[in-house]
Amino acid sequence: MRLRPVIGRLHRWIGLATAGFLLVAGLTGALLAWYDELDALLAPSLLTAPPSPGAAQPLDALALRARVVQAYPQRQVNHVPLSQPPGRSAVFFVAPAPGDTGKPASPVAQVLVQPYTGQVLGDRVLGQAALGARYVMPFIYRLHHSLALDLAGTLMLGAAALLWTVDCFIGLWLTLPAAVASQRRTGGTAGKSWLRRWMPSWWVRWHGGSYKLTFDLHRSGGLWIWAMLFVLAWSSVAFNLAPAYDTVMARAGLSFQATTRSLPMRAVPQDQPGLSWHQALETGRLLMEQQASSGGFSVLREDLLYYDPRRALFSYYVRSSLDVRERVGRTLVAFDGNTGELRLAWLPTGAAGGDTITSWLAGLHMAARWGWPLQALVSVAGLVVAMLSVTGVLVWRRKRISRRRAKSASAPASMRL
């Protein structure tokens, strides 16, 4: 009983500190659960690409890359999609070439290509605050990930997510019934059972007045989808505050595989690989086939071939039987861009406990598995997060006004004059 007021105050101040961040994250996250669908709806001329008459199969991925290189001669085309959903455009990313002084010089542009004809449909800078329906969903994603404040916003949301993760357990504990004196003396055998005394925390008093309704929505709303709220909170820490996430997971005894970021960077970037893109694609396929054979997994779909000039490194991604996400494959082999020598392999699940858990957290957070049912659940969870933020502030405000009134009423008359 002495601990409950202290925990209650901690819950209150964490809630007030994170309410604004979580309101934005919840509302934008509810939309992002349907990112692909909404993006295609808002920009159909850019993102939809039905088969052309007489062209039942998409063009070869490297042939499409050649079209993009031709259309953007002053840009580097190091990102080659190897597949796309039926009826959707092929998505390339082009970066400024060395010495490019055009304005803007730094943004990487997303280029959309008709995969059946090779026609370049257009481009956009993701996250750019610009007029036009094509920019809406990418900007909402930027708000969700960084409040449109880049690194500063990413870190702020990461700190808010870390507090939110702690508060998930604090809020759950505060819903539990406190022991009453008679039950403590009799070992809990008198009166209602503990479970029956906890049940009201799950109910909403719809006709008990505005304050009771607000309080119950705040308390029961968090209970009904508590597990999903925890998944969203902790995965947000992984996305936005990776050092804290990695430290906690390592303390829990979970291991992680090395990633391409751990490989050394060259003193001077090598803009052109020694291997041709056709050689690189064949090398990636061969190396992945060897990994699949030795690792006992199957390749379901090619996804991406990427060249990193800073490391002179090709990365070949597929969706395999080890992937959690369905729309994006993250099974990877990385190899030297000049010799084709394997530098590392990375598997989403089964190779390291930390990576397996992180892959599942990311897949659930992004609604990237099981289709629309999980998308609907994540969307509802985002709305609940926003609701909890608003109702938490309203409960605090009501209690604050009540305390002020009580304090004023108890003050001597001379002090109230």
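Within the range 200-209, the residues that satisfy the criterion of being of a type outside the set (Phe, Trp, Tyr) and open to solvent by 70 Å² or more (accessible area, probe 1.4 Å) are 205, 207. Considering only residues in the range 299-349 that are surrounded by fewer than 19 Cβ atoms within 10 Å (Cβ to Cβ), under 17 Å from residue 363 (Cα atoms) and of a type in the set (Lys, Arg), the one that is modelled with the highest pLDDT turns out to be 325. May I ask you to list the residues in the range 303-322 that are out of contact with any Phe, Trp or Tyr (no Cβ under 9 Å at 6 or more places or on another chain) and either under 28 Å from residue 374 (Cβ atoms) or of a type in the set (S, T, N, Q) (or both)? Correct list: 318, 319. For the range 115-132, does any single residue satisfy the condition of being in contact with a strand residue (DSSP E or B) (Cβ under 8 Å, 6 or more places away or on another chain), closer than 20 Å to residue 29 by Cβ and open to solvent by 30 Å² or more (accessible area, probe 1.4 Å)? Yes, because at least one residue in the range 115-132 is in contact with a strand residue (DSSP E or B) (Cβ under 8 Å, 6 or more places away or on another chain), closer than 20 Å to residue 29 by Cβ and open to solvent by 30 Å² or more (accessible area, probe 1.4 Å). Only one of the listed residues (83, 45) is hydroxyl-bearing (Ser, Thr, Tyr), in contact with a Lys or Arg (Cβ under 9 Å, 6 or more places away or on another chain), in a loop (DSSP other than H, G, I, E, B) and in contact (Cβ under 8 Å) with a residue 12 or more places away in the chain. That residue is 83. Of the helices (runs of 4 or more DSSP H) lying entirely inside the range 198-253, those carrying at least 2 residues that are of a type in the set (S, T, N, Q) and in contact (Cβ under 8 Å) with a residue 40 or more places away in the chain are 226-240. Here residue 376 clears all of (1) in contact with a strand residue (DSSP E or B) (Cβ under 8 Å, 6 or more places away or on another chain); (2) open to solvent by less than 50 Å² (accessible area, probe 1.4 Å) except the condition numbered (1).
Evaluating residue 352 against the criteria (1) among the hydrophobic types (A, V, I, L, M, F, W, C); (2) surrounded by fewer than 19 Cβ atoms within 10 Å (Cβ to Cβ); (3) under 20 Å from the mean Cα position of the chain (by Cα) leaves one unmet condition, (3).
Matching residues to (1) assigned to a strand (DSSP E or B); (2) more than 26 Å from residue 270 (Cα to Cα); (3) modelled with pLDDT of 90 or more; (4) touching a helix residue (DSSP H, G or I) at 6+ places or on another chain (Cβ under 6 Å):
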position	(1), (2), (3), (4)
94	yes, no, yes, no
98	no, no, no, no
110	yes, no, yes, no
116	no, yes, yes, no
127	no, yes, no, yes
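The values are calculated or read from the model by the stated rules, or taken from the named source; none is laboratory data. Everything quoted here is computed from the prediction, not taken from an experiment. Counting neighbours? That spans all protein chains shown, and the Cβs are built from the backbone with ideal geometry, glycine included. Areas reflect the complete protein model, heavy atoms only, side chains present, ligands, DNA and RNA absent. Shrake-Rupley method; radii C 1.70, N 1.55, O 1.52, S 1.80 Å.
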